[in-house]
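Following: one structure in structure tokens, then a few remarks.
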Amino acid sequence: MADKYDVIVIGSGPGGYVAAIRGAQQGLKVACIEGWQDDSGKQVLGGTCLNVGCIPSKALLEISHKYEEAKHGFDHQGLKVGKLDVDVAQMMSHKEKIVGNLTGGIAGLFKSNGVTSIQGWGRVLNSKQVEVTDAKGKTTTYSAENIIIATGSRPIEIPPAPLTDNKIVDSTGALEFDDVPKRLGVIGAGVIGLELGSVWSRLGSEVTILEAQESFLGTVDQTIAKDALKHFRKQGLDIKLKARVTKTEVKRNLVYVTYEDSDGKEQQFKCDRLIVAVGRTPNTEKLFSSDSGVDLDERGFVFVNDDCETNVPGVYAVGDVVRGPMLAHKASEEGIMVMDRIAGKATEVNYDCIPNVIYTHPELAWVGRTEEELKAEGEAYKVGTFTFAANGRAMAANAPEGLVKVIADEKTDRVLGVHIVGHQASELIAQGVIAMEFGSSAEDLALTCFAHPTLSESLHEAALGVDGMAIHKANRKRKKK
Ligand code: FAD
Ligand code: AMP
């Protein structure tokens, strides 16, 4: 029997590692178990987010956006560039360097905070014991007063598109291409499909994205989603809606993709590589001994309440392995909340104020309720919008696409949602999150002074527009008081 801890965290992604650091800050004795190793046998910290998710995808999105701008966006601004080329190997090594810096940083943070890092795959035996199997197959049982499960998720595989080496790949494979495919297919027009499709499209691939649903980004506010779709198609992404992939075949180095189109007819196209981006599934297999007693829901997620407690006292679960959006910051918020509660501090996650971002160009970012949701629930609301085409900073940045939409309660004026499509929407949305977190009204935002010239002024104008008072646009006729 090994050391006893106050808390054992299983998994070192943004849910697990952040929880572990918070626990140590709170004076708890914490161990974090991570099974992932690289080819050399070194433990890999940071989970999906740092290694094969948020960070490497954003690195490639940044690089490919620069390339795209230099190729198509510079001439009319008076900038001439010589011959432009892509060095995929260098691009990948730059991305790997960023990943290495960040994952190495976690090891350093564990050390400085006194978190014990244990290599191996954890299995919950009961409410107080975790069995860990290391790389050599040796098992050790660790005890703790509390256990936090943060084992994350992995890409879903679908029978019509089994993964093959380098030809039909998941999101991880799509972050590691060694050249720019001439024709690229993507199954799924969700966040990951759009981001990775954009990367390779900007670098020169002809990209076709097949999406089974009829609506584009169906859970996103449709004003925003429709505007984004228009821009993506203009950029050359061939997004086919109501197109369900039924079969794939790899022949003579090409992938043949069969799908049912919007008229129910069978269609086929060929591509050099295919990315399967149809969602993610929680890592809960082999995680529990048969008598651990922890309940899963019907889709395999660990069943938890609003405070991330499982049905077994002292056992918690956070991040992608539980209900809710699969987002790194949601995972971290939950990890912090659970550790604070274990340390005796009453805190909660405000699930109404979790921002979502799609890092395409333009970016999409939103927080709170959509117009469609409010309509369906019969809630009375008012809306203000402002386009970036009328924003001086957006024009100066050569990024006039998109708009900001602020939705407020008809009676109380409280902000219910902020939805943005546009340049740096990922940064702008923080202002909407803060406004909502502090229960602001649209008028509070309207009465706030915003620096000029900034993209943020579009949020200001949209808030002013909620009551028909935007300055730099013709407002709809206001009711006389
Ligand atoms: P993970 O990050 O998946 O970490 C879980 C860890 O647990 C892993 O390291 C795993 O090896 C380990 N583990 C699993 N089982 C065991 C076990 N039994 N014992 C020990 N260790 C175990 N989210 C955003 O918010 N913003 C983005 O821009 C974004 N971009 C993304 C891009 C891509 C391509 C992908 C794939 C995902 C992206 N996400 C993004 C989602 C984000 O990565 C996840 O929501 C986040 O990583 C979830 O964190 P987590 O801690 O719950 O799990
Ligand atoms: P997300 O869960 O946001 O990553 O999005 C995944 C998308 O993949 C969803 O919008 C699904 O509708 C879509 N999808 C799932 N299976 C298929 C399929 N066989 N063909 C086309 N699209 C699919």
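For the chain, adding -39500 (n - 2.57) for each run of n ≥ 4 DSSP H residues and dividing by the number of residues yields -9000 deg cm²/dmol at 222 nm.
Checking every one of the GluC sites (Glu not before Pro) in the stretch 167-243 against DSSP loop status and a limit of 12 other Cβ atoms within 10 Å picks out Glu214. Near Arg244, the amide H atoms lying under 5 Å from its own belong to Glu260; only residues 5 or more places off or on other chains count, and H is placed 1.01 Å from N. By the count of neighbouring beta-carbon atoms within 10 Å, fewest first, Phe110, Phe388 end up ordered Phe110, Phe388.
Close amide H contacts of Arg154 (hydrogens built in the peptide plane, cut-off under 5 Å, sequence separation of 5 or more or a different chain): Thr281, Asn283. A Cβ-based charge dipole, computed about the Cα centre of the stretch 168-278 with Lys and Arg at +1 and Asp and Glu at -1, lands at about 320 debye.
For GluC sites (Glu not before Pro), the sites in the stretch 396-472 that DSSP calls loop and that have at most 16 other Cβ atoms within 10 Å are Glu410.
Dipole orientation for the chain: of the candidates Ile239, Ser332, Ile187, Ile239 has the Cα lying most toward the positive pole (charges on Cβ; Lys, Arg +1; Asp, Glu -1). Candidates Met92, Tyr316, Thr164 compared by Cα position along the dipole of the chain: farthest toward the positive end lies Met92, with charges placed on Cβ.
What order, most packed first, do the peptides 19-32, 67-80, 86-99 have when packing is the mean number of other Cβ atoms within 10 Å of each residue? Before the final figure, lay out the partial values.
Details: 19-32: 23.5, 67-80: 12.1, 86-99: 14.2.
In decreasing order of mean packing, 19-32, 67-80, 86-99 become 19-32, 86-99, 67-80.
Spatial offset of the stretch 440-462 relative to the stretch 23-60 amounts to 38 Å, using the alpha carbon center of each.
Distant-in-sequence amide contacts of Ile118, defined by a placed amide H-H separation under 5 Å and a gap of 5 or more residues or a different chain, comprise Cys32, Ile33, Glu34.
Give the separation of the Cα centroids, the stretch 412-434 to the stretch 298-348, in Å. The stretch 412-434 and the stretch 298-348 have Cα centres separated by 25 Å. With contacts defined as alpha carbon pairs under 8 Å and 6 or more residues apart, what's the relative contact order of the stretch 355-465 in percent? Reported relative contact order: 31 percent. Ranked from largest, the principal axis spans of the Cα set of the stretch 168-278 equal 42, 31, 22 Å. For the stretch 423-432, putting each phi into the Karplus relation 6.51 cos²θ - 1.76 cosθ + 1.60 with θ = phi - 60° gives couplings of 4, 6, 4, 4, 7, 5, 5, 4, 5, x Hz, in residue order, rounded to whole numbers and with x for Gly and Pro.
When restricted to Cα atoms, the chain yields an Rg and a Dmax of 23.9, 77 Å, respectively.
Are there chymotrypsin sites (Phe, Trp or Tyr not before Pro) in the stretch 257-310 that DSSP marks as loop and that have at most 16 other Cβ atoms within 10 Å, and which are they?
Working: sites: Tyr259, Phe269, Phe288, Phe301, Phe303; in loops: Phe301, Phe303.
Here the sparse-neighbourhood loop sites are Phe303.
Each value in this text was obtained by applying a stated rule to the coordinates, not by laboratory testing. Fair warning: this is a prediction, and the values are worked out from it, not measured in the lab. Quick reminder, even Gly has a Cβ in these numbers, built from the backbone with ideal geometry, and neighbours come from all protein chains shown.
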